[in-house]
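The values are calculated or read from the model by the stated rules, or taken from the named source; none is laboratory data. Bear in mind that the values here come from a model prediction, so they are computed numbers and not experimental data. In this analysis, Cβ positions are derived from the backbone assuming ideal geometry, glycine residues included, and neighbour counts consider all displayed protein chains.
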Amino acid sequence: MIHGGALKQFVSNSLDETRKIAQQILQEEVKNGDLILLKGEMGAGKTSFIQGFGEALQSRANVLSPTFSKVHVYPGQWTLIHLDLYNVKSFEELEDLGIYDYIEPEDGICVVEWWELYPQLFGGRAHHVEITNQGSQRLIQYSLKEN
């Protein structure tokens, strides 16, 4: 059973607005040690959203899409761990990657793209963000869920 907090919805008209919405969510909702599960089709703006987190956390590195490297770690006010499971072929590959060390950060936050490919890993408390294309706009939905 999923218990969730109130659903918040935002409309973004640009990549810059998407980053600003992410900054707002981070400042108002996210705490050190949290897990953020990010969902959206290719090109929805997931990387821009995570860039907003990086900016808010004062990361000195450029946040990039980790599709091919699977994980990026960005130091800042808190460590920002960015996982992309799109090209992960098996649960064993996730274990070899050390997935549990990343999704339960002691100091920082972890954002996971394409988490829905391995939902069995994410059964606890997590922030859920879904970005949906709506023409030239993006609908960004946020909630906090406890599975």
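Structural remarks
- Any hit, region 85-101, residues being surrounded by 12 or more Cβ atoms within 10 Å (Cβ to Cβ), closer than 15 Å to ASN32 by Cβ and at pLDDT 90 or above: no
- Hits in region 127-141 - residues which are farther than 21 Å from GLY76 by Cβ and either assigned to a strand (DSSP E or B) or free of Cβ contacts under 8 Å to residues at least 24 places away in the same chain (or both): HIS128, GLU130, ILE131, THR132, ASN133, GLN134, GLY135, GLN137, ARG138, LEU139, ILE140, GLN141
- Answer residue from region 33-54, given it is buried (at least 24 other Cβ atoms within 10 Å of the Cβ) and farther than 17 Å from SER14 by Cα and is modelled with the lowest pLDDT among those: GLY54
- Residue under evaluation TYR100, criteria (1) under 13 Å from the mean Cα position of the chain (by Cα); (2) of a type in the set (Phe, Trp, Tyr); (3) farther than 24 Å from ASP16 by Cβ, criterion not met: (1)
- Evaluating GLU93 against the criteria (1) over 27 Å from GLN9 (Cβ atoms); (2) in a loop (DSSP other than H, G, I, E, B) leaves one unmet condition, (2).
- Condition broken by ARG60, with the remaining ones in (1) modelled with pLDDT of 85 or more; (2) on the phi < 0 side of the Ramachandran plot satisfied: (1)
- Test: residue in region 96-108 that is closer than 30 Å to SER14 by Cβ, in a strand (DSSP E or B) and touching a strand residue (DSSP E or B) at 6+ places or on another chain (Cβ under 7 Å): no
- Qualifying residue in region 60-78 (condition: of a type in the set (Ser, Thr, Tyr), closer than 26 Å to SER14 by Cβ and buried (at least 18 other Cβ atoms within 10 Å of the Cβ)): yes
- Number of the condition not met by MET42 [criteria: (1) of a type outside the set (Val, Ile, Thr); (2) part of a strand (DSSP E or B); (3) within 23 Å of SER143 (Cα to Cα); (4) free of Cβ contacts under 8 Å to residues at least 12 places away in the same chain]: (2)
- Matching option when the condition is basic (Lys, Arg) and closer than 19 Å to LEU85 by Cβ, among LYS39, LYS31, LYS20, LYS8: LYS39
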